[in-house]
Amino acid sequence: MANLSNINLSNKKWNETGAGLLAVGVYQDKSFTVMAQVIDDSSGGTLSNAIEIGDVKGKNGESHLFYVNDLRVLLLGLGKKEKFNSNTARLVAGKASRVAIEKKIIDLAIECFCDNDDDCQAFGEGVVLGSYQFLDYKTKTKDLFELGSATVLGCENESVLKGASIANAVCLARDLSNHPGNFSTPTKLASTARDIAEEGGMKLTVFERKEFTEMGMGGLAGVAQGTDEPPKFIIMEYMNGGGEKPKVIVGKGLTFDSGGISIKPAGKMDEMKYDMCGSSVVLGVFKALASLKPKLNVVGIIPSTENLNGGKAYKPGDILKAYNGKTIEVLNTDAEGRLILADGLSYASKHYDPEYILDFATLTGAVLVALGHVATGVMGTDDVLMEKVKRSSESTGEKVWEFPLWPEFCKQVQSKIADVKNTGAPMQAGSIAGGAFLKEFVDDSIPWVHFDIAGTAWGAKPDSVNPKGSATGWGVRLVLDMMNA
Ligand code: BES
Ligand code: MN
Ligand code: ZN
C-alpha cells in the first residue's frame, strides 16, 4: 500500500515545521490565505511580486514553487473565493501531495484553508488520496518513492483526520482493485474481510462452494462452475447501532471475468480484473467503519468468484435457481454479475430486515456508452432512498445519474421457459435490463438502489486525487456520507 496512512494536525508556524515542502494558497481575487500572507510579509513580497508579474493567477489547479529563507513554498491556486467548496478543497490538497511526490520530497506541510467541517474533511481526504500510488509490482528503486508524512497547519478541526481515515479506506479499495486476478482472488477478498473484521470487532461469515451450493445459491454456484479457484460468499456484520435496522451493501466480487463460454474479445480483457470493484466498495466502507466506529448497523455481502471456461463451465441455455427460488435462463454467460448478485440480494432480503439495500457492480458495458467515465448509473425502487443517494452524490462529488425501471423494461427480462432470463432486449437499454433483473431478487418491501459502476470504478480522467491507470475506489465516500458514518 503506497499512500499516507496518517496525517497530523499541528499549530507550528510556517517556518517551524522542518518539512521539505510547505503548501499555502492564493485565491483568484489575488488574496492570500492566512499563512501565505505571513510568508509574503516576511519575505519582502516574494509571492505578491509573482502576482504582479502575472505568473500567479490563483486559478484552481495552479501551483507555483518559491524559495523563501531556505524553504520550498508551494503556492496553490484556490480559484474564486465564493466558489470554493469541498470539491476544491479535496483537489487542491491532493495537488500538494502530488507535487511533493513528483519532486521526491518526503515530508509535506500544508496549511488548511477551510472553515467548516465538510471542507476540512474533504481537505483531509485530498491529502491522502493525492498520495496514493500503486507500486506493489515495481522493483526498481527509482520507481518506489512514497510520501512519508503530511502535517496540516493552522487548523484544529478533527474532520481533517476523519477525511484521512475515509481516504485510507478508499485507497484500500483501489489497491484491491488494482491488484491483478492472480492476487485479488475470492480467497484474498475473504482474508481482507477477516483482517477488517478483526480490526473493527465485526462478525465475519464465509460460505465455501459446497456450503453455498447446498444452501441453494444457484447463481453463484453456476457462474463458479468453470473455475478451480475457490469461490466465496462473504458476509460482514458491523453491529454498533443498537436496535436500528441494518443498512445492507452488496458488492459484485467477480475477480476475473473472461465472459465464460460467451467469451469476451481479447482486447482489454485484462481490464476484467476490475470486475470485483463492487466488492472493493464494500470492503472500503467496512475499513472506514472499523476506524471511525460510528453508531450504525451495517451488513456487507460479497458473492465472489471468477467467470472462466473450465470443463464444468455453465453454458448458454442452462437454467439456474437462485437463493430466493426463482429460476433463471442463462442466455449469455457473460451476464454473470447479475447471477451472483441475485444470490447476494436474496440472502440480504431473507436474513435481515434491512432499512435499505445498496448494491455496487461493474455490471454492464452499456453504462459506459450512456454515461462514460463520468457518472454511475443508478436505479431503484424507492424515491426517498434515491433522493438520499443524490444528496450524498452532490456532497461528495461522486456523480450519479438515475435510469428508470419502468414496467416495459422489467418485462424484457422475463423468460419464456424460466422465471427470468439474464439478458434484456438485444442492443437496447442494457444497463436498465441489468437493474430490472436484479429487482427480481430484492424483497418488494425493502428500499433498494443499484449502482452500475462499470464506467466509474476505473478509467476516469486522471486528476490530483485520481492517478492515471488506477481504480478509483468510487462509491466508498458516497456510501459513508449516506450513512452519516
Ligand atoms: N463485467 C462486465 C461489464 C463490463 C464490461 C464492465 C466492460 C466494464 C467494461 C459484465 O459482466 C458483462 O460482461 N456484461 C455484459 C452483459 C451482456 C452480456 C448482457 C455486457 O455489458 O456486455
Ligand atoms: Mn461478464
Ligand atoms: Zn462481469
Tell me the residue from Leu339, Leu308, Leu345, Leu331 that is under 23 Å from Cys277 (Cβ atoms), of a type in the set (A, V, I, L, M, F, W, C), at pLDDT 95 or above and within 10 Å of ligand 1 (Cβ to nearest atom), please.
Leu339
For segment 392-402, give me the residue count where each residue is surrounded by fewer than 22 Cβ atoms within 10 Å (Cβ to Cβ) and either in contact (Cβ under 8 Å) with a residue 60 or more places away in the chain or not basic (Lys, Arg) (or both).
7
Subset tally (residues that are more than 12 Å from ligand 2 (Cβ to nearest atom), charged (D, E, K, R) and not in a loop (DSSP other than H, G, I, E, B)) for segment 242-276
3
Those residues of segment 346-375 that are within 16 Å of ligand 3 (Cβ to nearest atom), of a type in the set (Val, Ile, Thr) and part of a loop (DSSP other than H, G, I, E, B) come to a total of 2
List the strands (runs of 3 or more DSSP E) inside segment 1-101, counting only whole elements, that have at least 2 residues being of a type in the set (Gly, Ala, Ser) and touching a residue at least 60 places away in the same chain (Cβ under 8 Å).
21-26
Among the residues of segment 310-341, what is the count of those that are within 16 Å of ligand 3 (Cβ to nearest atom), among the aliphatic types (A, V, I, L, M), outside any strand (DSSP E or B) and farther than 16 Å from Thr362 by Cβ?
3
When you scan segment 233-241, do you find a residue that is within 16 Å of ligand 2 (Cβ to nearest atom), farther than 20 Å from His450 by Cβ and touching a helix residue (DSSP H, G or I) at 6+ places or on another chain (Cβ under 7 Å), even just one?
no
Checking Asp275, Asp257 in turn, the sole residue that is assigned by TED's automatic domain parsing to the domain that holds Asp334, touching a helix residue (DSSP H, G or I) at 6+ places or on another chain (Cβ under 6 Å) and of a type in the set (Asp, Glu) turns out to be Asp257
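Listed residues Ala366, Ala322, Ala348; which is touching a helix residue (DSSP H, G or I) at 6+ places or on another chain (Cβ under 8 Å), small (Gly, Ala, Ser), touching a residue at least 12 places away in the same chain (Cβ under 8 Å) and crowded, with 24+ Cβ neighbours inside 10 Å?
When all the criteria are applied, what remains is Ala322.
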Can you pull out every residue in segment 325-367 that is over 22 Å from Arg477 (Cβ atoms), among the hydroxyl-bearing types (Ser, Thr, Tyr) and in contact with a Phe, Trp or Tyr (Cβ under 8 Å, 6 or more places away or on another chain)?
Thr333, Ser346, Tyr347, Ser349
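The values are calculated or read from the model by the stated rules, or taken from the named source; none is laboratory data. Computed from a prediction, not measured in an experiment: that's the story for all the values here. As a convention, Cβ positions derive from the backbone with ideal geometry for all residues, glycine included, and neighbour counts pool all protein chains shown.
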